[in-house]
Amino acid sequence: MTTRKSEALKFMEEDELNKFLDTAYKDNNVYGLIFEIIVSGGLRVSESLNIKVSSLDFRNNQIYIQTLKKKGHPSEPIRYPISVMEKIKLYLKYREPKRSPDTILFPVSRVSVWKRMKKVCKLAGINTYHSPHSLRHTHGTLVSHLTHGNRDIVRRRLRHSKSETADIYVHMTDNDQDEICNYFEEMRRHNKK
């Protein structure tokens, strides 16, 4: 396990992400949910800790995210997987004490999220260089991969104002490299027939 900063460490590969989230939930369900909300929506830590109960739209599987980096701090809807929204419902059902709709969903600090991130990385046996922002970067990288590098979709999903900013989420993952190798392998195999 290295702690050296490099391009590859800005995001987690799929297997690392699953290992991280599984470990996070085993360690602490609340932080596991915070991390899953960050990575599933591409949120900044501050955005995840600013979610209010009234920001949740269970009917449309959306969370209205107050984008703190834009003038006027507009709220923008981000659609989430049903499984994440169900976990939020369960969290709200058992959370004590019951609070008003304007109450912050997760009353924890940025520092505690950072510390828990490092702890979970260590427990999961993955690189401890990763930070909560690595989860946002992972989201951007996955969206870029799923959309074949569509900068506009990446920009909108991550709530960036400039499409050039989306370029930082374009990476070659291990799966990309495998696909490239397999393509050439098949091409050469087909050519020899």
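Residues of the range 108-145 being in a helix (DSSP H, G or I), open to solvent by 10 Å² or more (accessible area, probe 1.4 Å) and at pLDDT 90 or above, which ones?
ARG110, VAL111, SER112, TRP114, LYS115, ARG116, LYS118, LYS119, LYS122, LEU123, HIS133, listed by residue number.
Taking the condition of being at pLDDT below 90 and either open to solvent by less than 90 Å² (accessible area, probe 1.4 Å) or assigned to a loop (DSSP other than H, G, I, E, B) (or both), how many residues in the range 79-107 meet it?
9
Which one of these does GLU76 not meet: (1) in contact with a Lys or Arg (Cβ under 8 Å, 6 or more places away or on another chain); (2) not in a strand (DSSP E or B)?
The failed condition is (2).
Identify, by number, the condition in (1) at pLDDT 80 or above; (2) open to solvent by 30 Å² or more (accessible area, probe 1.4 Å); (3) aliphatic (A, V, I, L, M); (4) not in a helix (DSSP H, G or I) that MET172 doesn't meet.
In the conditions (1) at pLDDT 80 or above; (2) open to solvent by 30 Å² or more (accessible area, probe 1.4 Å); (3) aliphatic (A, V, I, L, M); (4) not in a helix (DSSP H, G or I), MET172 misses (1) alone.
Kindly evaluate GLY41 against the criterion of being under 17 Å from LEU142 (Cβ atoms) and within 18 Å of the chain's Cα centre (by Cα). Even if it seems obvious, please write down each step before you answer.
Details: under 17 Å from LEU142 (Cβ atoms): yes; within 18 Å of the chain's Cα centre (by Cα): yes.
Taking the combined requirement at face value, the residue satisfies it.
Anything in the range 1-55 that is more than 24 Å from ARG156 (Cα to Cα), β-branched (Val, Ile, Thr) and at pLDDT 95 or above? List them, or say none.
Here is the first cut: in the range 1-55, the residues more than 24 Å from ARG156 (Cα to Cα) are 1-6, 15-16, 18-32.
Now drop any that are not β-branched (Val, Ile, Thr), which leaves 2-3, 23, 30.
Of everything in the range 1-55, those that are more than 24 Å from ARG156 (Cα to Cα), β-branched (Val, Ile, Thr) and at pLDDT 95 or above turn out to be THR23, VAL30.
Does any residue of the range 46-65 turn out to be of a type in the set (Phe, Trp, Tyr) and open to solvent by less than 20 Å² (accessible area, probe 1.4 Å)? Steps first, answer last, please.
The first filter runs over the range 46-65 and keeps only residues of a type in the set (Phe, Trp, Tyr), leaving 58, 64.
Filter again for open to solvent by less than 20 Å² (accessible area, probe 1.4 Å), leaving none.
Within the range 46-65, none of the residues are of a type in the set (Phe, Trp, Tyr) and open to solvent by less than 20 Å² (accessible area, probe 1.4 Å).
The values are calculated or read from the model by the stated rules, or taken from the named source; none is laboratory data. Quick caveat, the model's predicted, so the values are computed rather than measured. Cβ: placed from backbone, ideal geometry, glycine included. Neighbour counts: every protein chain shown. Only protein heavy atoms, including side chains, enter the accessible area calculation; ligands, DNA and RNA are left aside. Shrake-Rupley method; radii C 1.70, N 1.55, O 1.52, S 1.80 Å.
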